Amino acid sequence: MKYLHKDIEEKWQKYWAVNQTFKASNTSDKPKFYALDMFPYPSGAGLHVGHPLGYIASDIYARYKRHKGFNVLHPQGYDSFGLPAEQYAIQTGQHPAKTTEENIKTYRRQLDRIGFSFDWSREVRTSNPDFYKHTQWVFTELFNAYYCKDANQARPISELIPVFETEGNLPLNAVCDEDTPQITAADWNHFSDKEKQEFLLKYRLTYLKETTVNWCPKLGTVLANDEVVNGVSERGGYPVVQKKMMQWSMRITAYAQRLLDDLQDIDWPQPIKDIQTNWIGRSEGAMVSFLVKSEKLKEKSSVEVFTTRPDTIFGVSFMTLAPEHELVSKITTPEQKEAVEAYVKATAKRTERERMSDVKTVSGVFTGAYAEHPFTKELIPIYIGDYVLAGYGTGAVMAVPCGDQRDYDFAKHFGLPIPNIFKAVDVSETAFEDKGNAVIANSDFLTDLPYKKAFKTVLYELEKQKIGYTKTNYRLRDAIFARQRYWGEPIPVFYDENSMPQTIAKEYLPLILPEVAKYLPTEDGQPPLGNAKNWAWDTANNKVVSNNLIDNTTVFPLELNTMPGWAGSSWYFNRYMDAHNNDEFASKEALAYWQDVDLYIGGSEHATGHLLYSRFWQKFLFDRGFVTKKEYAKKLINQGMILGESAFAYREEGTNTFYSKGLITAKKVQPIHVDVSFVNTSNELNVAAFKNWREDFKDAKFVLEDAKYIVGREVEKMSKSKYNVVNPDDICDEYGADSLRLFEMFLGPLEQSKPWKTSGISGVYSFLKKLWKLYQIDEQGNVNLSDEEPSKESMKTLHKTIKKVDEDIANFSFNTSVSSFMIAVNELTQQKCNHRTVLEPLLVLLSPYAPHTAEELWQKTGHTASIATAPFPVFDASYLIESSKTYPISFNGKMRFTMDLSLDLSKEAIEKAVMEDERTQKQLAGRTPKKVIVVPGKIVNIVG
RNA sequence: GCUCGAGUGGCGGAAUUGGUAGACGCGCUGGAUUCAAAAUCCAGUUCUUUCGGGAGUGUGGGUUCGAUUCCCACCUCGAGUACCA
């Protein structure tokens, strides 16, 4: 009978759905295994063959673990809040919930066709109120917590009030806003309610503060740092400008050190760890105060700088402040006022992108003010310059031109002195930045000290004289946690009579996203939720009511911002453990059983976004005792991207004539993307289909070669706009889901990017056909296997394959395990093996890839064991043990011939046998070898 | 610039702790079957050769009896990051 993949796959997919074959239980005697994929955003375009790559890998591993006797949790869901649905809504008026629902249907249908073993009973959707009510709850927990540096954990904010009441904030060692003043108990007790609330906000882990944000005017929203790439928005590529705004932020910086330290405990790819380490950007150095000497200043004032090279302090010849630095206006002398103000204005106008594309231009202005060097007491000029960033360190630097290239360039540009404080180093051309080889000179008490020693000595002195102290700085910033958008989780906050934020208590969540007439911002620039008619909080009845009822005594306005895209994905992995729990995000029992993700597969593009934020939330939930693990994913694998093979037709410039690829050499042509579905495997274009494709090609002329139009090919990212998308549905139609799954794995190593080539699929497809053939299935669908004893050779093939595939899957080397199966089928075909003893275990083993075929056959032959519960075949080493081995015989490391030698021969016996062989004698031609190296079981090498 | 990662046939890619380089698949060549095609099966396929061999894993060195594998220098490509003081 023919291999009818469609019938087989349909039948078993239905069977699994009806029998809930892959439903995981929260109670089991088996050890647990949690295999997770990064859940997709359900876009309108549906899946292409690149999307399921990681899902296939995790699915194989999940099935493998089930075979090995684990209770496996392998869920899937949707990250369903997001921008595309909202933009579609703005254009069409269609509610995002509706398009999202439709897209999810398409996704589900496509995923089902590929035959994944997902436990769909645990599906989550971040846009479901049942789900986001818990996202909102995490927000309120963060709001009601602060970070205690002594305990090194998050604690309830309520703890702070008695401390403030009795001692003020002086003894408190907690993370807070940089500008938090010191207060005494008396201060606190004299605070009004509003002042108390404002003060507490400086400690909350999610807080409201005026901050400089990345504002994207085109998208009408703020963006987090990781959403800005090269000064433009990651989505859409629109310009981004800096703007001061009142914003919700998350105090992720409180966790900077722990996020760094705990990387050591998790088995994640080194590149991801490196990226996160870089992003957190820890640097150790010192804070140093420079006294400002300005007649204009009445009170004593100083500039604080952060430096990683306090050892070079005697090389300071000027200081530079960021143009935005608060001291700038205070210290600027009247003579310089005009120039400084013009410069500040010009900098503010420039977008981040302009500032970056212009790195090489040195610019700045002298403020007219001077500072006093803390040791030499010399006066040094204070400049402003845009190479100093307001957001890092203190927004001011002590410039050491001989030791820092940027300071050097600045000094050269403005003709400032470049004192050399390095021993035996020439700094006339360039700065000397190599601190490992630095020996300090001309530096008073630091002279002749190497870098490390000088670093320690100067810090000791700075601390003694109270002009500086050791400081660790992080590049990581607090994450902006609000978007001026509609399609996101509402922030569960209302504003009380003092206009201070108050969270909505857990029992009244979810705060459901309101209906709005328009998804655009309001006319006065408020976020889209400003269009909602019913968007006020009635504190008497704890429910949402009409805006008309706002009286600021019991009914208050609700927050108009929504949460950013990464909110739901920061904790969803815990939800799968107990997806239908209405009271809590997951029960204590479920959390205690599943604990954490054992294998997490997804793309590396989330390194500084989702993969960092989710670690932060998990640590917070851990601190507050809600989860059992401080890291949620033990092992992470980044699957590579599957690239598309774009096709191009070549149109001569200024004409509508297309030349076949071989004819374009002398012509000026413009390559045009052609839909890959018009091209066959030999790169031949279906001209008729192409003409019908677009109006402007209707009358196109084609110059052919050998009566064919041949297209050009190029590997690019798979995308709709490049017309190189391959739909998995088409592959399933023609070759079946098993072929698709096998082929995606066979393409190459999981973690590597690789181009998709539909022509290659014939290899795995014919492998499946050959496999099917082995079972000699007749027209009635019966399997005709022999119950006689199989040959030793066939048993060896089986057990060799078991051993290899077991090892390969355990190492996530899926491509080589597919090869092993192919070899096995080729061997068994050649051996004419049709023995049940060999072929049934082979199918169980193969089922991670082709369960449908396997189950089909098990059923037909009267076996009813579900693949999910069938035992993994036991590997029997005895079939692999051989009595003899083909030894390569080498002369000076070069292989000359082989000899079959018994494996139980001693070293001496092997040497004797080899030396006596006539081929050895021929090679030696009478000479005596210097040495004979015998590695039992491996090789014999004769040196001489 | 800095930090990682990778360079193997026409192509995707294999190769345990250093031990017969090119597994497996695509493509290609020849053959069988067929009126023919598709499908299937068989044989071949790194380059070179005077048919004994010789060369060969980006380049140049080194360690070793023996290097795709280890070490040093360089070249190329990819990814991340970028005035971070």
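Here are some notes:
- Pair residue A:657, residue A:302: separation of 7 Å Cα→Cβ label points (nm): 8.0 nm
- By average C-beta atoms within 10 angstrom, highest first, the peptides A:937-943, A:58-64: A:58-64, A:937-943
- Cα principal axis extents for the stretch A:165-279, largest first, Å: 51, 41, 15
- Think of each Lys and Arg Cβ as +1 and each Asp and Glu Cβ as -1; about the Cα centre, that makes the dipole of chain A roughly 1960 debye.
- Every pair of different Cα atoms in the stretch A:487-581 enters the Kirkwood calculation, which places the hydrodynamic radius at 14.4 Å.
- Applying both filters, DSSP loop and at most 15 other Cβ atoms within 10 Å, to the GluC sites (Glu not before Pro) of the stretch A:591-685 gives A:653.
- Ranked from largest, the principal axis spans of the Cα set of the stretch A:423-497 equal 63, 35, 18 Å.
- Accessible surface of chain A [probe 1.4 Å, protein heavy atoms]: carbon and sulfur percent: 49 percent
- Proximal charge balance of residue A:65 [Cβ under 13 Å; K/R count +1, D/E count -1]: +3
- Label point distance in nm, residue A:897-residue A:98, each placed 7 Å from Cα along Cα→Cβ: 8.3 nm
- If the chain linking residue A:195 and residue A:836 were pulled fully straight, counting 0.36 nm for each residue of separation and taking away their Cα-Cα distance, it would gain 222.7 nm.
- Using a Förster distance of 45 Å, the FRET efficiency for residue A:592-residue A:45 (Cβ separation, nearest 0.05): 0.65
- Relative intensity, log₁₀ I(q)/I(0), of chain A from a Debye sum that treats every alpha carbon as a point, q = 0.08 Å⁻¹: -1.00
- For the pair residue A:262 and residue A:931 in one chain, pulling the backbone fully straight at 0.36 nm per residue adds 235.6 nm over the alpha carbon distance.
- Shape of the stretch A:662-720, Cα gyration tensor, a/c cut at 1.5: rounded
- The stretch A:372-419: trypsin sites (Lys or Arg not before Pro) in DSSP coil with no more than 14 other Cβ atoms inside 10 Å: A:377
- Sites residue A:187 and residue A:469 - FRET efficiency at Förster radius 22 Å, r taken between beta-carbons, to 0.05: 0.30
- Taking the average, over residues, of other Cβ atoms within 10 Å as the packing measure, peptides A:281-291, A:131-141, A:322-332 rank A:131-141, A:322-332, A:281-291 from highest down.
- Shown here for the stretch A:459-512: GluC sites (Glu not before Pro) in loop regions (DSSP other than H, G, I, E, B) with at most 15 other Cβ atoms within 10 Å, namely A:497.
- The Kirkwood radius of the stretch A:276-329, taken over pairs of alpha-carbon atoms, gives through the Stokes-Einstein law at 37 °C and 0.692 mPa s a diffusion coefficient of 244 µm² s⁻¹.
- Taken per residue, the accessible surface of chain A reaches 46 Å², heavy atoms only and a 1.4 Å probe.
- Compactness of the stretch A:100-228 as Cα Rg over 2.2 N^0.38 Å, two decimals: 1.57
- Per-residue [θ]222 nm for chain A (sum of -39500 (n - 2.57) over DSSP H runs n ≥ 4, rounded to 500): -9500 deg cm²/dmol
- Karplus-based coupling profile of the stretch A:629-635, in residue order and whole Hz: 10, 7, 10, 8, 10, 5, 10, with θ = phi - 60° in 6.51 cos²θ - 1.76 cosθ + 1.60 and x standing for Gly or Pro.
- Evaluated on the stretch A:600-736, the Kirkwood hydrodynamic radius is 18.6 Å, with distances taken between all distinct Cα atoms.
- Environment charge at residue A:565 (Cβ cut-off 12 Å; Lys +1, Arg +1, Asp -1, Glu -1): -3
- With a Förster radius of 30 Å applied to the beta-carbon distance between residue A:784 and residue A:14, the computed FRET efficiency rounds to 0.70.
- Cα-based Rg / Dmax (Å) for the stretch A:308-349: 13.2, 36
- Using 0.36 nm per residue and subtracting the Cα-Cα separation, the extra length available between residue A:582 and residue A:515 on full extension is 21.8 nm.
- The C-alpha atoms of chain A define a longest principal axis, and helix A:405-414 lies at about 40 degrees to it.
- Dimensionless Rg ratio for the stretch A:892-931, taking C-alpha atoms and the 2.2 N^0.38 Å reference: 1.20
- Rg to Rh quotient for the stretch A:58-134, alpha carbon positions, Kirkwood Rh: 1.10
The values are calculated or read from the model by the stated rules, or taken from the named source; none is laboratory data. Just so it is clear, the structure is predicted and the values come from calculations on it, not from any experiment. Cβ: placed from backbone, ideal geometry, glycine included. Neighbour counts: every protein chain shown. When the accessible area is computed, the model is the full protein with side chains, heavy atoms only, and any ligands, DNA or RNA have been set aside. Shrake-Rupley method; radii C 1.70, N 1.55, O 1.52, S 1.80 Å.
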